[in-house]
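Everything below concerns the one structure shown next.
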Amino acid sequence: MRLLLTSNGLANQKIADVFLGLLDKPTSELKVIFVPTAARTEHELKYVRNSKQELLDLGILDGNIREINLDNTFSFKGLGDCDLIYVCGGNTFYLLKKVRETGFDKIIVDFVKNDRLYFGVSAGSILACPDIGIAAPFDLNDSGVTDFSGLNLIDVIVSPHYSNKDKLIIEKFKSKSKFPVVPLTDSQALLIIDGKKEIIE
């Protein structure tokens, strides 16, 4: 099981280096499932465009990036040939709702169990956790989500975009959480390989 969970994608070169080191193919041969569904505003979509450009800048071919927007009709066919799932940031509650509605949650879980890489950015990172409640102070829950259970791929809660101004909010969440909380600044990532965790910065 391999996951690389970030606040801000591949902007930090060390995170980009770790990302490439987790993949055993030349970048030109890598096939990516790219999920932009969480991004609904123009501000969020700007970060999605940046995320895709970071993949292209690493040498991943545009034709090898299969965009799966869970708002639209799509086919699960051929997803098993891909090397990684890249889940972008945006609204965590909306993302959780859409992966459940489409059955894509099961696709992700099976993908990770087959030792393919899960790469998360912000909401995409929170989605991998056992609980997404950490997003409540920051994301509007306008999707009617009442069950905050995430994909439970890891046994900790990731809090992306952490800065000192969020300290009291995160401490309050920690005091009520059944799971340990790992705050990540925009320059950090959490690497999980078969349960072993490491902060990349």
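Were the residues from Glu171 through Glu42 laid out at 0.36 nm apart, the gain over their Cα-Cα distance would be 43.3 nm.
Expected output is a single nm value to one decimal: the length gained when fully extending between Asn50 and Phe76, i.e. 0.36 nm times separation in residues minus the C-alpha distance. What is it? Let's see the in-between values first.
Working: separation 26, 0.36 × 26 = 9.36 nm, distance 2.53 nm.
Between Asn50 and Phe76, full extension yields 6.8 nm more.
Per-peptide packing, taken as the mean over residues of other Cβ atoms within 10 Å, places 92-98, 35-41, 175-181, 63-69 in the sequence 92-98, 35-41, 63-69, 175-181 from highest down.
Taking all protein chains into account, the per residue accessible area for the range 1-81 stands at 51 Å² (1.4 Å probe).
Between Asp155 and Leu61, the FRET efficiency from the beta-carbon distance, with R0 = 41 Å, is close to 0.70.
Taking the longest Cα principal axis of the chain as reference, the axis of helix 42-57 is set at about 40 degrees. In this structure, Lys196 and Val109 have a Cβ-Cβ separation that, at R0 = 25 Å, corresponds to a calculated FRET efficiency of about 0.80.
Computed extension gain for Asp24 through Asp147, at 0.36 nm per residue and net of the alpha carbon distance, reaches 40.6 nm.
Look at the alpha carbon pairs under 8 Å that are at least 6 residues apart: their mean separation over the length of the chain gives a relative contact order of 29 percent. A Cα-only calculation for the range 22-149 places Rg and Dmax at 14.2, 42 Å.
The values are calculated or read from the model by the stated rules, or taken from the named source; none is laboratory data. All values derive from a computational prediction rather than experimental measurement. No Cβ is skipped: glycine too gets one built from the backbone with ideal geometry, and neighbour counts run over all protein chains shown. For the accessible areas, the whole protein counts, side chains as well, though only heavy atoms, and no ligand, DNA or RNA atoms are used. Shrake-Rupley method; radii C 1.70, N 1.55, O 1.52, S 1.80 Å.
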